[in-house]
Amino acid sequence: MYNQAYGIIETLAPLHVGASSGEEAGNLNLIFRDQFSQTGIIPGSSLRGRFRADMRYKKGDINYWYGREAIASEKTGNNSQDLTTEGMIKFEYASLVWIPVYCPNQPIVWVSCPMLLKRYQKIVGLAGHEIKPYTYSGETSSPTLFFNLGFIRLKTKDEALKNYLPKGVKLSEKDLVLVVDDKDMSMIHDMALYRQSRVALEPDKKKAKKGAFFDVEALPEGSILAFPIAFRKEYEGKAVEWQEFLTNAKFTDKGKELYFGGLESIGFGRTQVFLNLYPV
């Protein structure tokens, strides 16, 4: 009933998708996290909303690809006709593949864990490969990496990790990528997050307005995420063409620049997105 495709997101600026007010977290605007790895995600609803909004210049295409919005129903006699329709495209959440972490003797290491890489493996249709903690790929000047919370000694170099570098992104085979244990990933992830304090002042004095001082966290520039896409094989007896969707959405082989999340007006959320068919 459905064909498979997938998307790759490379952040070109800090990316914040999460709480907007932060009141429930002590004025800290948190990003959404996966419940198991505790790493940043972009919910499928946020992905769909951004893609849908970007196609507003053709209302007919919006209704076809994303379904008709839930608006007031038309009433015919005593019956109510539901105007909502199913979209041709479905989005799942985007999870991290690699996140850049500052390391004084490197100075940047892209880090992931077996849990995240196994999901990426399924999303893009890679052949099965056993991913072991503390394996690495790329060039390094030292067998020991120093992070803010301690040292990590590199173990085995795994050339197969090069297959986990998505095409099109700036991450190259020479860059150092490191796989850590699943239980360590959340701690290293939080160490890598971009954080910024924001404040609004009173108009006549250098004093923060009440409730106008808060912190925001975001995935750093250079983060790589992946998400699955499903699209209908046919609709009303006609095949649903993937290339037609790419044309309507104005995607090319070089991808497309899209903004996700909040705080776009102050430099957050700019990404490069690449779409590909799942290999048959």
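Quick notes
- Between Ala127, Ala230, Ala249, the GNM of the chain built on Cα springs shorter than 10 angstrom shows Ala127 fluctuating the most.
- Net lengthening on full extension, Asp61/Glu264 (0.36 nm per residue, minus Cα-Cα): 70.5 nm
- Residue with peak Gaussian network fluctuation, the chain [Cα springs, cutoff 10 Å], from Leu246, Leu96, Leu83: Leu83
- Surface share of carbon and sulfur [accessible, 1.4 angstrom probe, percent] for the chain: 49
- Heavy-atom accessible surface of segment 148-280, averaged per residue, reaches 59 Å², computed with a 1.4 Å probe.
- Of Ser45, Ser37, Ser197, the residue with the greatest mean-square motion in the GNM of the chain, using alpha carbon springs below 10 Å, is Ser197.
- Peptide packing: for 266-274, 237-245, the average count of neighbouring Cβ atoms within 10 Å per residue gives the ranking 266-274, 237-245, highest mean first.
- Candidate values [x] -0.61, -1.11; [y] -0.51, -1.15; [z] -0.37, -1.15, label of the one derived for log10 I(q)/I(0) by the Debye sum over Cα atoms at q = 0.09, 0.15 Å⁻¹: [y]
- Cα-based helix-to-principal-axis angle, 182-192 vs the chain, degrees rounded to 10: 90
- Computed from Cα positions, the angle between helix 114-124 and the longest principal axis of the chain comes to roughly 40 degrees.
- Helical content of the chain, expressed as a calculated mean residue ellipticity at 222 nm, amounts to -5000 deg cm²/dmol (DSSP H runs of 4 or more residues, -39,500 (n - 2.57) each, divided by residue number, nearest 500).
- Averaged over residues, the count of other Cβ atoms within 10 Å places the peptides 180-187, 198-205 in the sequence 180-187, 198-205, highest first.
The values are calculated or read from the model by the stated rules, or taken from the named source; none is laboratory data. Keep in mind the model is a prediction, meaning the values are calculated, not measured. Positions of Cβ are generated from backbone atoms using ideal geometry, with glycine treated the same way; all protein chains shown enter the neighbour counts. We work out accessible area using only protein heavy atoms, side chains counted, and drop any ligands, DNA or RNA first. Shrake-Rupley method; radii C 1.70, N 1.55, O 1.52, S 1.80 Å.
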